[in-house]
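Novice: Questions regarding the structure given below will be posed in turn.
We did not get these values from a lab; they are worked out from the coordinates using the rules stated. What you see is a predicted model, and the numbers here were worked out from it, not measured in a lab. Cβ placement follows ideal geometry from the backbone for every residue including glycine, while neighbour counts extend to all protein chains displayed.
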């Protein structure tokens, strides 16, 4: 996957709270989407990332964005994990037991059968505008994902360290 390409479509089951529902990429069209891949439920680093995203969920939603997390676990495992360890998490956890979504996004570690730690910001037209893949032992920053989302939404060039409220850079005439 490359920035500027269309995000692969998907359709799967997901757990949101205590409900298991059908979810597809078309459900997010017209909104920004943070599609957040993580290795596995009931792991060490992953819950810290999901909690951090949940803490910023209202700010993310205020940017007309949605959050969906994906692992290769099934929906029933997601449901049990949310109930037992992450009851505060309200965004959907997408099930990818067939590895189709992780594979389509290029983040599947085939030998282990798990997703890499990756995040994609997808615009309302379904175009990948940002992606990051990090080491399996290092959690990602929800604050940085929010900052990049806000910068992308300006539609203008933004310097390193730009924060919401800062002025973007002027567009240079070609």
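Novice: Return the calculated 222 nm mean residue ellipticity for the chain, to the nearest 500 deg cm²/dmol, obtained by summing -39500 (n - 2.57) across DSSP H runs with n ≥ 4 and dividing by the residue count. The partial results should precede the final answer.
Specialist: Numbers: 5 runs with 45 residues, N = 174.
So the calculated ellipticity at 222 nm is -7500 deg cm²/dmol.
Novice: If you build a Gaussian network model of the chain, linking Cα atoms that sit under 10 Å apart, which residue out of 164, 79, 90 swings the most?
Specialist: 164
Novice: Going by how many other beta carbons lie within 10 Å of each one, how would you line up 88, 111, 54, fewest first?
Specialist: The most exposed by this proxy come first: 111, 88, 54.
Novice: State the Cα centre-to-centre distance between the range 66-106 and the range 110-151 in whole Å.
Specialist: After rounding, the separation between the Cα centres reads 15 Å.
Novice: Please compute the Kirkwood hydrodynamic radius of the range 1-90 from all pairs of different C-alpha atoms, in Å with one decimal.
Specialist: It works out to 13.9 Å.
Novice: How long are the semi-axes of the equivalent ellipsoid of the range 53-138, taking √(5λ) for every eigenvalue λ of the Cα gyration tensor, in whole Å from largest down?
Specialist: Numbers: eigenvalues 85, 72, 29 Å².
After scaling each eigenvalue by five and taking roots: 21, 19, 12 Å.
Novice: For the chain, what proportion of DSSP beta bridges, expressed in % and rounded to the nearest 5, is antiparallel?
Specialist: Of the beta bridges lying entirely in the chain, close to 70 percent run antiparallel.
Novice: If I model a spin label as a point 7 Å beyond the Cα along the Cα-Cβ vector, how far apart are those points for residue 130 and residue 167 in nm?
Specialist: The two pseudo-label positions are separated by 2.2 nm.
Novice: In nanometres, what is the gap between the two model label sites at residue 27 and residue 63, each 7 Å from Cα along Cα-to-Cβ?
Specialist: Spacing of the two 7 Å Cα→Cβ label points: 2.2 nm.
Novice: Along the Cα-to-Cβ line of residue 42, 7 Å from the Cα, sits a label point; which residues in the range 83-123 have backbone N less than 13 Å from it?
Specialist: It comes to 83-85, nothing else.
Novice: Moving on. Principal axis extents for the chain, Cα atoms only, whole Å, descending order, please.
Specialist: Between the extreme Cα coordinates on each principal axis of the chain lie 53, 31, 29 Å.
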